[in-house]
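Here the structure comes first, spelled out in structure tokens, and everything after it is commentary.
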Amino acid sequence: QVQLVESGGGLVQAGGSLRLSCVVSGRTISRYTMGWFRQAPGKEGECFAITWSGGHTHYAESVKSQFTISRDNAKNTLYLQMSSPNPEDTAVYYCAANSGTVVFDTRGYDYWGQGTQVIVSS
């Protein structure tokens, strides 16, 4: 059974920092492309950060230079470092694992976490 469990969400002030973690069990993430998604109230879901198994990363323009995705394959854990978030970053954040090549579409992801809420106060 594959499980992805996010943690680290909560309330943060604008300009602060927050680190999200996603612990994976049942699969070795070293073989997967891993992504962070978010869903804000009234908005479409957004795939905003991806890390391939080889270490290459991609960010949406909305978070570039603010957020950093990383992975620790030895700990089977995916991370998201959020620096200087703003209220527009308030959303439920999800991690997901992808064994294929369709990485910018939610339909390409095989496994999902349950999400962790992030609220950024002004």
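Numerical summary
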read-out: Residue tally, condition under 22 Å from TYR59 (Cβ atoms), open to solvent by 20 Å² or more (accessible area, probe 1.4 Å) and part of a strand (DSSP E or B), over the stretch 1-20; value: 4
read-out: Candidates THR28, THR57 - the one that is more than 11 Å from the chain's Cα centre (by Cα) and open to solvent by 70 Å² or more (accessible area, probe 1.4 Å); value: THR28
read-out: Tabulated pairs, the stretch 73-92, first over 13 Å from SER62 (Cβ atoms) and part of a loop (DSSP other than H, G, I, E, B), second among the hydroxyl-bearing types (Ser, Thr, Tyr) and open to solvent by 30 Å² or more (accessible area, probe 1.4 Å), C-beta under 6 angstrom, 6+ apart or interchain; value: ASN73/SER30
read-out: Inter-residue pairs, beta-carbon under 8 Å, first farther than 18 Å from THR90 by Cβ and part of a helix (DSSP H, G or I) and in the stretch 107-122, second open to solvent by less than 90 Å² (accessible area, probe 1.4 Å) and of a type in the set (A, V, I, L, M, F, W, C), 6+ apart; value: GLY108/VAL102
read-out: Some residue of the stretch 95-118 being open to solvent by 50 Å² or more (accessible area, probe 1.4 Å) and within 19 Å of GLY16 (Cβ to Cβ); value: yes
read-out: Failed condition for HIS58, given (1) outside any loop (DSSP other than H, G, I, E, B); (2) within 18 Å of THR116 (Cβ to Cβ); value: (2)
read-out: Looking only at the stretch 71-94, and only at residues there that are under 11 Å from the mean Cα position of the chain (by Cα) and open to solvent by 50 Å² or more (accessible area, probe 1.4 Å), the one that is nearest to PHE37 (Cα to Cα); value: TYR94
read-out: Pick from the stretch 1-16, criterion among the hydrophobic types (A, V, I, L, M, F, W, C) and modelled with pLDDT of 95 or more, ranking: farthest from SER83 (Cα to Cα); value: LEU4
read-out: The stretch 33-46: number of residues that are open to solvent by 30 Å² or more (accessible area, probe 1.4 Å) and either at pLDDT 95 or above or of a type in the set (A, V, I, L, M, F, W, C) (or both); value: 1
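The values are calculated or read from the model by the stated rules, or taken from the named source; none is laboratory data. Keep in mind it's a predicted model, so treat the numbers as computed, not measured. A quick note on method: Cβ atoms are made from the backbone with ideal geometry, for glycine too, and the neighbour counts reach across all protein chains shown. What goes into the accessible areas is simple: the full protein's heavy atoms, side chains included, and nothing from ligands, DNA or RNA. Shrake-Rupley method; radii C 1.70, N 1.55, O 1.52, S 1.80 Å.
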